[in-house]
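J.: Take this structure, written in structure tokens, and hold onto it; I'll ask about it next.
The values are calculated or read from the model by the stated rules, or taken from the named source; none is laboratory data. Computed from a predicted structure; not experimentally measured. Here the Cβ is made from the backbone with ideal geometry for all residues, glycine too, and neighbour counts use every protein chain on show. Surface accessibility is based on the protein's heavy atoms, side chains included, excluding ligands, DNA and RNA. Shrake-Rupley method; radii C 1.70, N 1.55, O 1.52, S 1.80 Å.
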Amino acid sequence: WYHSAIQLSNMPQPPSLILASDYIDLPRLKGMCPTIANVPAVVYFLEDQLTYPLGTDQKREFEFCSINVMSCLAADRVLFCSNFALRTFLEAIPTFLKSDPLMSAASISSIVSAVTVKSTVIPIGVNIAPFELARSKRSSRTGKPLRIVWPHRWQPDKGPDEFFSTLIQLAEENLRFEVCVLGKQYRVIPPVMIEAKERLGDRVVMWTHLTGQEYSEALASCDVVVSTALQETQGLAVIEAIVSGCEPLLPNRLSYPEVLSGITSEASKVYLYANTGDLRKKLRWLINNAERVRERQARHQPWQSMQRFSWEVVGNQFHTCFSELLEKSIADPPVKRVRVEQSDVAEHSVK
């Protein structure tokens, strides 16, 4: 962020508005670059340091948590990608602030209120056109085994242990199904994934990271998208898969109920599972009833409710938010700051 401060300082004139991610220390940025002190600022949270799940050997960093809270206070508007992200962040602020012995209950309440009043939800937009195109061109899978896709990062917070252990158990029941693993790979691969690739054998159709047209077409070739995530604030991969024509099977937690909120209540009950046993039970039913799943998907068309995440819709929400801030900054110009000379400070300290 300090590179941003240098760039901003060298601009011939300050920007009209600042859009900062949750990693940016907004108060320090404005302090290092006085020319933007009165420029309207928006902080956007896709994730935050107060609620992100920690590994077994990790400790929550006070400095990074503090940056999140202080940036909210310094911003004119705070945006979150989902109601889940907003709610959990606001709930976590008091717990974090209580770690400071000098922070009173009244001060904590005041800070939470200050953040709440300037917070709202605008999701990350999705370029849905490629996925809609892939869905329109998908080939019929009538008579073929159910194809399950896992399009998530190969990291612990996406819950690979639960997903792949469940698939191994279902394979041991001699059930016929296919699997596509399309998420981004990292240097350290979860051991359960190495085991699963071997034990699932020829059930594995794809096991790679795809992008662009290859990715959208791969999603469209699948019947069901599954998530077992332990951390998810919006669910972009799932939204893309649903638009591509996949039926979702998601945990009844995190942001997923919110993703499905535009779908009829009857359908959403089918798409959510309660625990690992329920996941295994519902996956088993899906595998044994592949044709009924495809008929149900064509009837429910859950992709219709994903239109609200399209950039055409979301872009208008951002435009409205930014326009309101700019109009307010013009209508209410900043108060002229009084310069305090060093001699005045010295004189006051003596008195």
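J.: Sort largest first and round to whole Å: the equivalent ellipsoid semi-axes of the range 32-73, each the square root of five times a Cα gyration tensor eigenvalue.
T.: 27, 11, 7
J.: Obtain the nm distance between the two label points defined at Ser21 and Thr120 by a simple spin-label model: each point lies 7 Å from its Cα along the Cα-to-C-beta direction.
T.: 2.4
J.: Can you pull the Rg over Rh of the range 86-195, Cα-only, Kirkwood?
T.: 1.18
J.: Per residue, how much accessible surface does the range 153-246 expose to a 1.4 Å probe? Answer in Å², no decimals.
T.: On a per-residue basis, 41 Å².
J.: Can you find, among Gly262, Val224, Pro251, the residue farthest towards the positive end of the dipole of the range 164-291? Put +1 on the C-beta of Lys and Arg, -1 on that of Asp and Glu.
T.: Sorting the options by dipole projection puts first Pro251.
J.: Using the per-residue mean of other Cβ atoms lying within 10 Å as a proxy for protection, in what order, highest first, do the peptides 28-38, 316-326, 252-262 fall?
T.: The packing order, highest mean first, is 252-262, 28-38, 316-326.
J.: log₁₀ I(q)/I(0) of the chain at q = 0.07, 0.09, 0.14 Å⁻¹, via Debye over equal Cα point scatterers, no solvent, to two decimals?
T.: One equal scatterer on each Cα of the chain leads to -0.39, -0.61, -1.19.
J.: State the volume of the convex hull built on the alpha-carbon positions of the range 165-304, expressed per residue in Å³ and rounded to an integer.
T.: Residue-normalised Cα hull volume stands at 117 Å³.
J.: With +1 on the Cβ of every Lys and Arg and -1 on the Cβ of every Asp and Glu, and nothing else charged, how large is the dipole of the chain about its Cα centre, in debye rounded to the nearest 20?
T.: It comes to approximately 680 debye.
J.: Next question, about the same structure. Take the alpha carbon atoms of the range 242-288, find their center, do the same for the range 110-130, and report the distance between the two centers in whole angstrom.
T.: 25
J.: Could I ask something else about it? Ordered by residue, what ³J(HN,Hα) values in Hz, to whole numbers, does the range 109-114 give under the Karplus form 6.51 cos²θ - 1.76 cosθ + 1.60, where θ = phi - 60° and Gly and Pro are x?
T.: 4, 5, 5, 4, 5, 5
J.: Tell me, what % of the accessible area of the chain is carbon and sulfur with a 1.4 angstrom probe?
T.: Working: 9970 of 18590 Å².
Heavy-atom surface of the chain belonging to carbon and sulfur, 1.4 Å probe: 54 percent.
J.: Using the Kirkwood formula over every pair of different C-alpha atoms, what hydrodynamic radius in Å results for the range 60-140?
T.: Working: mean 1/r = 0.0666 Å⁻¹.
Hydrodynamic radius (Kirkwood, Cα only) of the range 60-140 equals 15.0 Å.
J.: So what does log10 I(q)/I(0) come out to for the range 1-109 at q = 0.19 Å⁻¹, using the Debye formula with one equal point on every Cα and no solvent?
T.: Normalising to I(0) and taking log10 leaves -1.00.
J.: Check Phe45: other-chain or 5+ apart residues with amide H under 5 Å from its amide H, H built from backbone geometry?
T.: Leu79, Phe80, Cys81
J.: Explain nothing, just the number: relative contact order of the chain, from Cα pairs under 8 Å at least 6 residues apart, as a whole percent. Write down the numbers at each step before the final one.
T.: Details: 508 pairs, mean separation 57.4, N = 351.
For the chain, the relative contact order is 16 percent.
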